[in-house]
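Some notes on the structure that comes next.
A short reminder: the numbers here are calculations on the coordinates, not readings from a lab. Just so we're clear, the structure is a prediction, and the values are computed from it rather than from any experiment. No Cβ is skipped: glycine too gets one built from the backbone with ideal geometry, and neighbour counts run over all protein chains shown.
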Amino acid sequence: MTVANHTDNRAGRLYVISAPSGGGKTSLTRAVIARLGEGGRIARFSVSYTTRAARAGEVDGVDYHFVTREVFEAMIARGEFLEYARVFDRYYGTSAAETERWLDAGQDVVLDIDWQGAAQVRERAPQAVTIFIRPPSRQELERRLRARGSEDEAAIQRRLAEADDELAHADDYDYQIVNDRFERALDELTRIFERTA
Ligand code: 5GP
């Protein structure tokens, strides 16, 4: 049985949100989940598995499940991922079982994943709603990445290269939102969730 059959008939709805990092995706996603909760609608932010090292302040099991490459590759071999991607030397993936559990419970699940993962979800769960969040411009994205101050120049250059890669796939998504002002983008994102409930 494929995951497509699994996810599509479940009670909750699956959402995919992608954006170049530094695009404000995580804050927007957390804010929309909080806002929907005020109306009684439960949406879960899926916690991905990754082989990258935790950044300062990140908590295992909250921001990511941080695992070794051996563990991640064993999970791939057992078919445990709804989708996964390799970005440079790091793996990122979404647990199929965890996602299905929440969907079965009638809760919406929000995946914050890259374009490679989004393409796999589109194949396996065609009813998923996919949303791409764009920075107002590439210059603004670069400014935001530098303002974070958490990474060295090489890492920033790598993020910019990843961002270009990500932006090249924006047209594949059901919806695109420009994150020019946080509140405006949040309103737009909320409306998409309301429309697709
Ligand atoms: P970061 O290292 O900044 O936390 O994330 C880098 C990129 O990996 C982001 O674009 C994020 O959306 C993506 N990502 C995070 N988790 C997953 C996942 O489970 N699957 C896929 N395909 N991408 C992910």
Query raised in the report: Quick one: which of 19-28, 122-131 comes out on top by average Cβ neighbours within 10 Å, and what's the full order, highest first?
Result: 19-28, 122-131
Query - At R0 = 41 Å, FRET efficiency that the Cβ-Cβ distance of GLU38 and HIS169 yields, to 0.05 - result: 0.80
Query raised in the report: Ranked highest first by the average count of other Cβ atoms within 10 Å around their residues, in what order do 115-121, 142-148, 105-111, 163-169 fall?
Result: 115-121, 105-111, 163-169, 142-148
Report task. Would you mind calculating the gained length between VAL59 and GLU153 on full extension (0.36 nm times residue separation, minus the Cα-Cα distance), in nm to one decimal? Result -> 31.4 nm
Report summary line: Of all C-alpha pairs within the chain, those more than 22 angstrom apart amount in percent to 47 percent
**Report entry** Segment ALA161-GLU140, length gained on full extension (0.36 nm per residue, minus Cα span)
**Finding:** 6.1 nm
Query raised in the report: So between SER27 and GLU123, what do we pick up on full extension, going 0.36 nm a residue minus the alpha carbon distance?
Result: 31.8 nm
Query raised in the report: Tell me, what is the percent relative contact order of the chain, built from C-alpha pairs under 8 Å that lie six or more residues apart?
Result: 33 percent
Query - Label zone at GLN176, where the point sits 7 Å out along the Cα-to-Cβ direction: region 131-148 residues whose backbone N lies under 11 Å - result: 132-135
